[in-house]
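To start, the structure itself, in structure tokens.
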Amino acid sequence: MEKTYDVTALGEILIDFTMNGQSEQGNNIFEACPGGAVDNALAMLSKLGRKTAFIGKVGKDQFGRLLKETLEEAGIDAKGLAVDEQVNTTLAFVHTFPDGDREFSFYRKPGADMMLREDEVDYELIRQSKVFHLGTLSMTDEPAKSATKKALEVAKEAGCIITFDP
């Protein structure tokens, strides 16, 4: 059977606030950058001509809208993106040290990515994929943990190659 997608990924999608200088008053200026490890991988695969899809969850807020638009602009199929009416999109503030190392402060207690439920996962996207890719953050809390495990079962049954970003 011919598969529609080269890679479908499930995982966190968030806004990384990165330092972008200082204001005239000496305050740090942060830039809102779309992020999430699995989404970054999909964006690069899409640039390389692969057909990709994402499964995850954002809040019904300005950041969730930005992330959906970013997925679509990158050529990633976003029909697997659920929207949470109650919980905001996950945010992370990134501090970069002089040696290039980074430290993250996450604002996800909870964040919408953690709230993905089994019944919100588009399993057909997984079944129609050659590769199913996932990361670690979706395994940290319920209900996303159960949704991820179920998605993994579907991927195995569908004969997907499974890749994991620890």
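For LYS150 and LEU48, compute 0.36 nm times the residue count separating them, minus their Cα-Cα distance, and round to one decimal in nm.
Here the answer is 33.8 nm.
Over segment 24-130, give the accessible area per residue in Å² for a 1.4 Å probe, as an integer.
Per-residue accessible area for segment 24-130 comes out at 58 Å².
Run the accessible area of the chain with a 1.4 Å probe and give the carbon-and-sulfur part as a rounded percent.
50 percent
Helix-only estimate, please: 222 nm mean residue ellipticity of the chain, summing -39500 (n - 2.57) across DSSP H runs of length 4 or more and dividing by its residues, to the nearest 500.
For the chain, the value works out to -7500 deg cm²/dmol.
If packing is taken as the mean number of other Cβ atoms within 10 Å per residue, what is the order of 135-142, 97-104, 56-63, highest first?
The peptides rank, most packed first, as 56-63, 135-142, 97-104.
Can you work out the PRE-style zone for THR163? Point 7 Å along Cα to Cβ, and I want the residues of segment 107-122 with backbone N under 13 Å.
Correct set: none at all.
Evaluate the distance, in nm, between pseudo-label points positioned 7 Å from the Cα of HIS95 and of GLN25 along their respective Cα→Cβ axes.
Modelled inter-label distance: 2.1 nm.
The values are calculated or read from the model by the stated rules, or taken from the named source; none is laboratory data. Being a predicted model, the structure only gives us computed values, none of them experimental. All Cβ positions, glycine included, derive from the backbone under ideal geometry; neighbour counts span all protein chains shown. Ligands, DNA and RNA are excluded from the accessible area calculation, which covers all protein heavy atoms including side chains. Shrake-Rupley method; radii C 1.70, N 1.55, O 1.52, S 1.80 Å.
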